[in-house]
Amino acid sequence: MRARRPGPTTRLRVEEHRGDDVRRHEDRVLTEEPLEIRLAWPGAPARRVWTTLRTPGHDFELAAGWVHHEGLGRPSGVAYCTDVELRAEQEFNVVTVTLDAVPPRVPRQLDALSAGSAACGVCGSDEVDEVLARRAAVPWSGPLPSPDLVRRLPGLMRPRQELFDRTGGAHAAGLFTADGSLLAVREDVGRHNAVDKVIGSRLLGGEPAAAAVLVVSGRAGFELVQKAVASGVGALVAVGAPTGLSVRLAGAGGLALYGWTKDERTVRYT
């Protein structure tokens, strides 16, 4: 029996309490399942390089974006794994990314689930230097949005956050031009996955990974700045706050970083 592809939301029954009133009804929550990413290149069998918890949907984009952000190369193909030893429930939770050439570094195989990218948890100069070594070959040299437009960008992305509207549990990432034209939006339970998906959508569509602005619905953590620098975007706009390390990396990587962004306010850190 062929497995069913998991959907982005899960339907269930809930009991809602409002004061003394109790109401039982149907609700939807965001789906969260593991995705194992395998990597293959000429002369090498596919190997597991990462496992992350994600919201099903746009899995190929997530895998392509992750490989790109880790500096492993531009994917030439992405497919669900068809190994006979996979259980039925794993069929749509294992993806193989194929490269045309040997990657510049061979990532170690990881056995544990992660809530972020391989850059999560770094804290020192060596790690910042390692990220900068994987930055885009050509930094962004095009125009950047005005501060007035920066304040409006989260609001321009908001109508496309359909999973958030249905569940209240999804992060979003969106790519925009310097004049505010929307290029792509993706949602996921993990903010890092949302960024991988939106950049992966560009790569698999044959478009450049870089754009003028990357907008994220949460805070500007180090892993999001790392992905922005690796993709060569010009600015990262966050609804929430940055960290000290993310500000440091943005400055070193030439990334314009904005936090606390709302209609009436934004703060530029670089």
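Taken together, GLY259, GLY244, GLY253 contain a single residue that is more than 21 Å from ARG54 (Cα to Cα), in contact (Cβ under 8 Å) with a residue 60 or more places away in the chain and more than 13 Å from the chain's Cα centre (by Cα), which is GLY253. When VAL267 is tested against (1) surrounded by fewer than 17 Cβ atoms within 10 Å (Cβ to Cβ); (2) aliphatic (A, V, I, L, M); (3) in contact (Cβ under 8 Å) with a residue 24 or more places away in the chain, just one condition goes unmet, and that condition is (3).
Close Cβ contacts (under 8 Å, 6 or more residues apart or on different chains) running from residues in the range 26-55 that are without any contact (Cβ under 8 Å) to a residue 24 or more places away in the chain to residues that are part of a strand (DSSP E or B) and surrounded by fewer than 17 Cβ atoms within 10 Å (Cβ to Cβ) comprise GLU26/ARG11; GLU26/LEU12; GLU26/ARG13; GLU26/VAL14; ASP27/ARG11; ASP27/LEU12; ASP27/ARG13; ASP27/VAL14. Tell me, please, whether a residue that is closer than 16 Å to ALA79 by Cβ and in contact with a strand residue (DSSP E or B) (Cβ under 8 Å, 6 or more places away or on another chain) can be found in the range 18-33. No: zero hits. Looking for something surrounded by 12 or more Cβ atoms within 10 Å (Cβ to Cβ), assigned to a strand (DSSP E or B) and within 18 Å of the chain's Cα centre (by Cα) - is there at least one such residue anywhere in the range 11-29? No: the range 11-29 contains no residue that is surrounded by 12 or more Cβ atoms within 10 Å (Cβ to Cβ), assigned to a strand (DSSP E or B) and within 18 Å of the chain's Cα centre (by Cα). When you look at ALA210, is it free of Cβ contacts under 8 Å to residues at least 24 places away in the same chain, at negative phi and touching a Phe, Trp or Tyr at 6+ places or on another chain (Cβ under 7 Å), yes or no? For ALA210, the condition - free of Cβ contacts under 8 Å to residues at least 24 places away in the same chain, at negative phi and touching a Phe, Trp or Tyr at 6+ places or on another chain (Cβ under 7 Å) - is not met. Of all residues in the range 206-218, those satisfying the criterion of being in contact with a helix residue (DSSP H, G or I) (Cβ under 9 Å, 6 or more places away or on another chain) and of a type outside the set (Val, Ile, Thr) are GLU207, PRO208, ALA209, ALA210, ALA211, LEU214, SER217, GLY218. At least 2 residues that are at pLDDT below 95, of a type in the set (A, V, I, L, M) and surrounded by fewer than 19 Cβ atoms within 10 Å (Cβ to Cβ) in each: list the strands (runs of 3 or more DSSP E) lying fully within the range 31-83 that qualify. Where strands (runs of 3 or more DSSP E) fall fully within the range 31-83 and carry at least 2 residues being at pLDDT below 95, of a type in the set (A, V, I, L, M) and surrounded by fewer than 19 Cβ atoms within 10 Å (Cβ to Cβ), they are 44-54.
If I ask for residues that are touching a Lys or Arg at 6+ places or on another chain (Cβ under 9 Å) and within 19 Å of PRO145 (Cα to Cα), which ones from the range 207-223 would you list? Within the range 207-223, PRO208, ALA209, ALA210, ALA211, LEU214, VAL216, SER217 qualify.
For the range 134-154: of the residues being of a type in the set (A, V, I, L, M) and surrounded by 11 or more Cβ atoms within 10 Å (Cβ to Cβ), which is modelled with the lowest pLDDT? Among residues in the range 134-154 that are of a type in the set (A, V, I, L, M) and surrounded by 11 or more Cβ atoms within 10 Å (Cβ to Cβ), the one modelled with the lowest pLDDT is ALA136. Please verify whether GLY116 is in a loop (DSSP other than H, G, I, E, B) and at pLDDT 95 or above, treating the condition exactly as stated. Answer is no for this residue.
The values are calculated or read from the model by the stated rules, or taken from the named source; none is laboratory data. Computed from a predicted model, the values in this text were never measured in an experiment. Virtual Cβ from ideal backbone geometry, glycine too; neighbours counted across all protein chains shown.
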